[in-house]
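In what follows, a single structure is set out as structure tokens and then discussed.
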């Protein structure tokens with residue numbers, strides 16, 4: 001099919017897919033996997049809404065025209081290895097609603113399913129603490145940026161817990177969320193500055209460390225102290 005053997009689209013800007021999984025991270029994982037496999041004939045693209053809201057996160061693979069729904073980060077290796085590289089679709093994840101065209105579920109703004117009550121508001125964790133997000137909103141062994149008051153904070157899942165840092169690299173104000181970490185070292189991919197993922201201390205060529213924030217987890221919610 002033209003310039004590429006397979007063309008993969010990940011919904012990253014629909015109404016619900018980005019709230020049902022870290023789809024921006026999905027793109028990075030698939031791109032890295034295709035590159036590692038030496039597949040320059042595979043194209044991984046971010047996509048707008050597929051008009052199937054509520055069934056996500058969703059991925060579509062061409063030329064087979066295979067649609068995947070409810071994709072989790074743990075499914076990506078199988079999709080990559082079996083289908084994108086191997087040519088064999090992953091049947092257990094295939095999306096077949098039995099109706100053509102738009103097929104949106106009625107998902108409330110508060111995230112509750114139809115007929116279900118909205119979840120109760122989350123209480124503050126006490127003076128000096130500001131809620132950032134639910135712990136399940138941060139990808140396992142990943143990281144995600146969140147606005148907190150007048151600043152943006154990077155929450156990192158280290159594998160053994162969570163830490164909070166400034167959101168931008170101290171080198172040239174590049175978003176650290178677009179980098180990677182392996183549980184020990186956090187790397188900004190713009191100029192390869194590296195930091196200790198647990199302390200924020202500079203490593204290698206990095207000339208400055210990361211500003212850290214106090215963080216605590218309470219009842220499945222993450223809170224930071226911005227006075228740190």
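Computed from the coordinates by the stated procedures, all read-outs in this text should not be read as laboratory data. Quick caveat, the model's predicted, so the values are computed rather than measured. Here the Cβ is made from the backbone with ideal geometry for all residues, glycine too, and neighbour counts use every protein chain on show.
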Cα-based Rg then Dmax for segment 130-225, in Å, read 12.3, 39
Rounded to the nearest 10 degrees, the helix 23-36 long axis (Cα) sits at an angle to the longest Cα principal axis of the chain of 70 degrees
Expected sort for 206-216, 5-15 on mean C-beta neighbours within 10 Å, highest first, is 5-15, 206-216
Once normalised by the length of the chain, the mean sequence separation of its alpha carbon contacts under 8 Å that are 6 or more apart gives a contact order in percent of 13 percent
Most exposed to least, judged by fewest other Cβ atoms within 10 Å, 59, 85, 155 sort to 85, 155, 59
Taking Cα pairs closer than 8 Å and at least 6 residues apart, the relative contact order of segment 130-225 in percent is 26 percent
Under the 7 Å Cα-to-Cβ spin-label approximation, residue 40 and residue 131 lie apart by a distance in nanometres of 5.0 nm
Output for the chain (equivalent-ellipsoid semi-axes, sqrt of 5λ from the C-alpha gyration tensor, Å, descending) is 33, 25, 13
Mean separation of Cα contacts under 8 Å (at least 6 apart) over the residue count of segment 6-93, i.e. the relative contact order in percent, is 35 percent
Taking a crude spin-label model, label points 7 Å out from Cα along the C-beta direction, the residue 94 to residue 171 distance in nm is 4.5 nm
When 23, 158 are arranged by how many other beta-carbons sit within 10 Å of their Cβ, fewest first, they go 158, 23
Here D for segment 28-113, in µm²/s, from Stokes-Einstein with a Kirkwood Rh over Cα pairs at 20 °C and 1.002 mPa s, works out to 152 µm²/s
Note to self, the chain gives a 222 nm [θ] from helices alone (DSSP H runs n ≥ 4, -39500 (n - 2.57) apiece, / all residues, nearest 500) of -2000 deg cm²/dmol
Taking a crude spin-label model, label points 7 Å out from Cα along the C-beta direction, the residue 205 to residue 51 distance in nm is 4.8 nm
Fewest-first ordering of 30, 93 by Cβ atoms within 10 Å yields 93, 30
